[in-house]
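J.: A single structure is presented below for examination.
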Amino acid sequence: MNKNVMVIGGGPCGLEASAQLHKMGYNVILIEKEKQLGGHLAKWDRLFPEGIEAKEVLQPLVDNINGVKYFLDTEVVSINLLDKEYNVILSNGITVLSKAVLMTSGFDLFPAEKKEEYGYGIYDRVITNADLEKFFATGKDPRVVENPKRIGFVHCVGSRDEKAGNRYCSKVCCATAVKQACEMKALFPDAEIFCFYMDLRMFGRGYEDMYLKAQKDYGIRFIRGRVSEVSETLEKQVLVKAEDTLSGKPLKVTLDLLVLMAGMQNAKSGIRIGEMISMKRSDDGFFTTKGSILSLQECDKAGIFYAGACTGPKTLPDTLNEARAAAVSIHNYFNKEN
Ligand SMILES: Cc1cc2nc3c(=O)[nH]c(=O)nc-3n(C[C@H](O)[C@H](O)[C@H](O)COP(=O)(O)OP(=O)(O)OC[C@H]3O[C@@H](n4cnc5c(N)ncnc54)[C@H](O)[C@@H]3O)c2cc1C
Ligand code: SF4
């Protein structure tokens, strides 16, 4: 029997699913379009809620695919259904005939420059959550001045925003903002830190404690209200105007750094593959699963499965759980078919 399973995307989800499927005896072929494995996890420095290092999570996931055949810097050129099997032609010249294909193509960060009013790419001291992770990891970013005195975080950038075309909540950015605000306070103890939020979505275990700690131990100021305008002063500081919806008063604050909490959207590179075999996408742009409670890992096309952030914003624990659930769904599919 052909026990090939093609896994598309070598982020945390693809790594975990590949490891599980390999253990179950499947012949996994994992492809990653970048030159390294790890997806977005490889770009993060520390993870909420406890602040553990991202590499402490990534390294075991990479170690666990020992024995799995994987190709880096590789894309799908074409994918066609041929008599209950998918014929997948890869950019490295290899053709794989696979009974099951698992999409773990993940997400793209919302392009913050699309929200022109926040000045990303225009003003010197406006960065994104992803830029700040890189700063934490490398200690370098010319946009982060020495000893900033005031730092602001804007929540919901490109999420919950009809104008940006994304009405959904990206789930992880409130917790990321609180984590990053505390990390900045620890690095720059003299800095005043503000978080401009609409609602705080601190739904996971330990998240609420992290939020309380941010207020009590780190003195982070949470201001409920949308930022209406961002501009630059002659001294290259960032002037933020917002409405504090709790006090009902307009507010102006000059900052040395503004961090935009850009949300998650379905990865363009995953959508490209989806279009080759007409995989459905929902209004939010993410792939549509066969069911919304049961069959969460299945596509309505037999033999195609999903896991991770390609079906919606997700935390890492949820992503890894979906990877394992997808492995089980694929195993059941093979057993049903034979
Ligand atoms: C700023 C930020 C901070 C975060 N911090 C945390 C945190 O502290 N804790 C937490 O639990 N979660 C956090 N998350 C969420 C976490 O990053 C995601 O849960 C996780 O990355 C999802 O994994 P994934 O494998 O589904 O997708 P991704 O990480 O996006 O990986 C997808 C992989 O697929 C590859 N790929 C895409 N298309 C193709 C293709 N066509 N062919 C081949 N390969 C392809 C990509 O290159 C990538 O390697 C954070 C998210 C953001 C935005
Ligand atoms: S998690 Fe928070 S910041 Fe992110 S979209 Fe939802 S409410 Fe906004």
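J.: Since HIS331 meets every condition but one in (1) within 16 Å of ligand 2 (Cβ to nearest atom); (2) out of contact with any strand residue (DSSP E or B) (no Cβ under 6 Å at 6 or more places or on another chain), which condition does it not meet?
T.: That leaves (1) as the condition not met.
J.: LYS216 - would you say it is charged (D, E, K, R), surrounded by fewer than 18 Cβ atoms within 10 Å (Cβ to Cβ) and at pLDDT 95 or above?
T.: yes
J.: Could you run through region 131-161 and say how many residues are in a helix (DSSP H, G or I) and surrounded by fewer than 24 Cβ atoms within 10 Å (Cβ to Cβ)?
T.: Summing the residues that are in a helix (DSSP H, G or I) and surrounded by fewer than 24 Cβ atoms within 10 Å (Cβ to Cβ) in region 131-161 gives 7.
J.: Among the strands (runs of 3 or more DSSP E) confined wholly to region 1-117, which include 1 or more residues that are exposed (fewer than 15 other Cβ atoms within 10 Å of the Cβ) and of a type in the set (Gly, Ala, Ser)?
T.: Those strands (runs of 3 or more DSSP E) span 76-82.
J.: Same structure, new question: Output the residues belonging to region 157-172 that are in contact with a Gly (Cβ under 6 Å, 6 or more places away or on another chain) and among the hydrophobic types (A, V, I, L, M, F, W, C).
T.: Matches in region 157-172: ALA164 only.
J.: Let me ask something additional. Quickly run through region 177-229 and pick out the residues that are within 16 Å of ligand 2 (Cβ to nearest atom) and on the phi > 0 side of the Ramachandran plot.
T.: Across region 177-229, the qualifying residues are GLY206, GLY225.
J.: On the given criteria, is VAL238 touching a strand residue (DSSP E or B) at 6+ places or on another chain (Cβ under 9 Å), under 21 Å from LEU109 (Cα atoms), in contact (Cβ under 8 Å) with a residue 40 or more places away in the chain and among the β-branched types (Val, Ile, Thr)?
T.: When the stated conditions are applied, VAL238 does not pass them.
J.: From GLY225, GLY274, GLY291, grab the single residue that is under 30 Å from LYS33 (Cβ atoms) and surrounded by 15 or more Cβ atoms within 10 Å (Cβ to Cβ). Even if it seems obvious, please write down each step before you answer.
T.: On the way: GLY225 fails: under 30 Å from LYS33 (Cβ atoms); GLY291 fails: surrounded by 15 or more Cβ atoms within 10 Å (Cβ to Cβ).
Answer to the check: GLY274.
J.: Which of the residues that make up region 162-171 are touching a residue at least 40 places away in the same chain (Cβ under 8 Å) and either of a type in the set (Asp, Glu) or buried (at least 24 other Cβ atoms within 10 Å of the Cβ) (or both)?
T.: Of everything in region 162-171, just one residue is touching a residue at least 40 places away in the same chain (Cβ under 8 Å) and either of a type in the set (Asp, Glu) or buried (at least 24 other Cβ atoms within 10 Å of the Cβ) (or both), namely SER170.
J.: Of all strands (runs of 3 or more DSSP E) completely enclosed by region 215-282, which ones contain at least 1 residues that are away from ligand 1 (no atom under 16 Å from the Cβ) and of a type in the set (S, T, N, Q)? Steps first, please.
T.: Details: elements: 221-224, 227-232, 238-244, 249-255, 257-262, 264-266.
Qualifying strands (runs of 3 or more DSSP E): 227-232, 249-255.
J.: List pairs: first residue in region 138-160 and under 11 Å from PHE188 (Cα atoms), second residue within 9 Å of ligand 2 (Cβ to nearest atom) anywhere in the structure, Cβ distance under 9 angstrom, at least six positions apart or on different chains.
T.: Pairs that qualify, where the first residue is under 11 Å from PHE188 (Cα atoms) and the partner is within 9 Å of ligand 2 (Cβ to nearest atom): there are none.
The values are calculated or read from the model by the stated rules, or taken from the named source; none is laboratory data. Source: prediction; values computed, not measured. Note that we place each Cβ from the backbone using ideal geometry, even for glycine, and neighbour counts take in every protein chain shown.
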